[in-house]
Amino acid sequence: MTNDKGTFGEYTASARWPIIIQNAIDDLASQQELEKSKVTKFEQGEAIKSALQQFRQEVIDRAPLRLFTEEEIKLADVPLSFNEYLREHSQANWGAVEWLFSEVYLYRRINVLFQRQSEWATFDIFNRLKQSTFESSFHGVVELALRYENLLPQLKEIEQNSGKDADDILKVLFKEFIEISLWGNATDLSLLTNATLEEIKSIQGAKARAESESKIVVNDTDRAWEVLTKAKAEANGKQIRVDFVLDNSGFELYADLMLAAFLLQSGLATKCIFHAKDIPYMVSDVMLKDFDILVQDLRDRKFFPSGESSTRESKALESFANEMEKFVSGGKLEFREDSFWTTELDYWNLDAKEVKYHGSILHKDLTSSNLVIFKGDLNYRKLTGDRKWPRTTKWETAIGPLAINGITSLSLRTCKADVQVALPDGLDLKLSQEWEKENPGRGSWWCCSGKWAVVCFCSGEPNK
Ligand SMILES: O=P(O)(O)OC[C@H]1O[C@](O)(CO)[C@@H](O)[C@@H]1O
Ligand SMILES: [Mg+2]
Ligand SMILES: [Mn+2]
């Protein structure tokens with residue numbers, strides 16, 4: 001709840017949301033400035049700005065959360081789940097409401113304001129921030145492109161030397177690319193808006209990742225490895241499918257593409273499906289258009305100044321971009337969107353029983369996947385229902401129906417919220433004491449800092 005005293009949720013609702021909305025207002029103003037000559041667009045922009053200001057005040061004043069009007073529902077395709085929830089929780093106000101619901105509702109309300117103005121209907125208010133943060137990831141982006149370049153001959157060698165040793169080496173690489181994708185989630189724009197270039201670099205480099213291994217407090221990577229190697233051994237020409245329920249665009253999407261490319265090149269997957277958001281969401285989340293933008297950025301030597309097109313760095317960026325486009329055109333990499341991902345429904349609804357908002361359709365589809373990777377913190381909150389679980393709760397308990405409903409899942413999350421499960425006895429206390437030293441009164445927030453991570457696997461098989 002946004003009124004759970006002393007939680008990161010409470011802090012987010014009172015301190016972070018007004019800032020996020022203010023940033024959106026400022027970004028809108030910058031865009032208007034760029035397009036001053038477009039009179040209608042400017043005027044529509046003014047209308048959105050004043051509505052955003054009013055909305056920001058609503059949040060600050062802890063006003064009641066209102067229903068979406070019929071007109072809004074039509075105009076912006078608002079899923080009816082929101083109003084259903086609000087009818088059942090008629091007392092909900094910004095200062096006393098479930099954190100997960102209100103946070104998702106917030107992005108929906110913002111989206112409606114843009115949908116109402118024709119000139120702004122497809123505008124992504126968070127695009128500027130997504131792009132500028134990606135641009136400052138230059139160092140990490142080049143490093144990974146070079147890493148990928150080296151990977152290809154390594155994989156060839158492994159292929160030529162099949163056997164136990166080759167398998168062991170492939171496993172080391174698998175772990176490396178899982179970690180690349182995992183820590184890619186540390187660069188979250190909603191948390192890092194004030195991060196310096198040095199800080200971003202330090203999160204993204206290889207050395208930093210190695211140091212970070214000790215920070216993965218639950219690590220089921222081996223179990224995911226077993227599933228995919230078994231699938232590969234038994235494939236016999238059959239498809240091996242890995243799904244990614246994506247989180248942030250820019251560096252994290254780039255890191256996810258690295259993992260997907262590794263899986264496809266190594267034969268641990270033959271198809272990867274990326275699930276994106278259908279509206280601008282949680283500031284930095286991936287929308288379909290963000291993939292095209294990323295590929296363009298990789299090719300743009302002004303955006304990533306890696307020198308002439310003949311430098312090793314430029315060639316590595318260019319060839320990774322080419323490779324991604326080839327994967328897409330060859331059907332090995334597919335992007336999809338679904339409104340389910342931007343509803344407030346947690347993933348206990350990724351189940352045959354949820355028949356109104358695509359939960360059952362997605363569930364059925366995802367049961368055909370060999371592995372479904374859920375990226376990031378918000379997905380972790382949705383997997384666990386964003387409840388106040390004791391932190392030693394078993395993962396299978398916290399994910400409810402997903403423990404047994406046939407989806408093989410892997411959560412890759414850098415910890416950025418209060419909910420935390422699957423810890424061994426005593427670890428929460430130890431980390432809380434450690435964090436408390438530098439953050440008096442906030443020891444339990446170690447798992448909101450993005451400095452630790454978890455990798456949680458579940459086979460999804462009944463009775464296991
Ligand atoms: O991009 P991620 O990893 O889902 O993180 C989103 C962040 O926003 C939050 O939803 C809080 O605003 C947290 O869960 C997390 O800090
Ligand atoms: Mg609930
Ligand atoms: Mn996100």
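The residue that is surrounded by the most Cβ atoms within 10 Å (Cβ to Cβ), counting only those in segment 372-416 that are in a helix (DSSP H, G or I) and of a type in the set (K, R), is K382. Does V59 fit the bill of being in contact with a helix residue (DSSP H, G or I) (Cβ under 6 Å, 6 or more places away or on another chain) and among the hydrophobic types (A, V, I, L, M, F, W, C)? Yes; evaluated as a whole, the condition is true for this residue. Report yes if V242 is within 27 Å of L317 (Cα to Cα) and either more than 22 Å from the chain's Cα centre (by Cα) or modelled with pLDDT of 95 or more (or both), otherwise no. Criteria met by V242.
Using the structure shown, decide if C458 is surrounded by 20 or more Cβ atoms within 10 Å (Cβ to Cβ) and within 16 Å of ligand 1 (Cβ to nearest atom). Spell out the reasoning first.
On the way: surrounded by 20 or more Cβ atoms within 10 Å (Cβ to Cβ): yes; within 16 Å of ligand 1 (Cβ to nearest atom): no.
For C458, the condition - surrounded by 20 or more Cβ atoms within 10 Å (Cβ to Cβ) and within 16 Å of ligand 1 (Cβ to nearest atom) - is not met.
Please determine, by comparing only the residues of segment 343-394 that are in contact with a Lys or Arg (Cβ under 6 Å, 6 or more places away or on another chain) and more than 18 Å from W445 (Cα to Cα), which one is farthest from ligand 3 (Cβ to nearest atom). My answer is N370.
Every residue in segment 300-314 that is open to solvent by 20 Å² or more (accessible area, probe 1.4 Å), touching a helix residue (DSSP H, G or I) at 6+ places or on another chain (Cβ under 8 Å) and of a type outside the set (S, T, Y), please.
Step one: list which residues in segment 300-314 are open to solvent by 20 Å² or more (accessible area, probe 1.4 Å), which gives 300-303, 305, 307-313.
Restricting the remaining residues to those that are touching a helix residue (DSSP H, G or I) at 6+ places or on another chain (Cβ under 8 Å) gives 301, 303, 305, 307-309, 312-313.
Scanning segment 300-314 gives R301, F303, P305, G307, E308, R312, E313.
Aliphatic (A, V, I, L, M), surrounded by fewer than 19 Cβ atoms within 10 Å (Cβ to Cβ) and more than 16 Å from ligand 1 (Cβ to nearest atom): does that describe A235? Yes. Among the numbered conditions (1) at pLDDT 90 or above; (2) buried (at least 17 other Cβ atoms within 10 Å of the Cβ); (3) away from ligand 3 (no atom under 16 Å from the Cβ), the only one that Y107 does not meet is (3).
Is it the case, given these coordinates, that F82 is more than 16 Å from ligand 1 (Cβ to nearest atom), open to solvent by less than 10 Å² (accessible area, probe 1.4 Å), under 18 Å from K356 (Cβ atoms) and of a type outside the set (K, R)? Yes: the conditions hold for F82. The set of residues from segment 254-296 being over 30 Å from A166 (Cβ atoms), out of contact with any strand residue (DSSP E or B) (no Cβ under 6 Å at 6 or more places or on another chain) and within 16 Å of ligand 1 (Cβ to nearest atom) comprises I279, P280, Y281, M282, V283, D290.
Of the residues I404, I373, only one is of a type in the set (A, V, I, L, M) and closer than 16 Å to W348 by Cβ; which? Give the steps one after another, and end with the answer.
Numbers: I373 fails: closer than 16 Å to W348 by Cβ.
I404 is the lone residue from the list that is of a type in the set (A, V, I, L, M) and closer than 16 Å to W348 by Cβ.
The values are calculated or read from the model by the stated rules, or taken from the named source; none is laboratory data. Keep in mind that this is a model prediction, so the values were computed, not measured. Don't worry about glycine lacking a Cβ; one is built from the backbone with ideal geometry, like all the others, and counts go over all protein chains shown. Heavy atoms of the whole protein, side chains included, go into the accessibility calculation; ligands, DNA and RNA do not. Shrake-Rupley method; radii C 1.70, N 1.55, O 1.52, S 1.80 Å.
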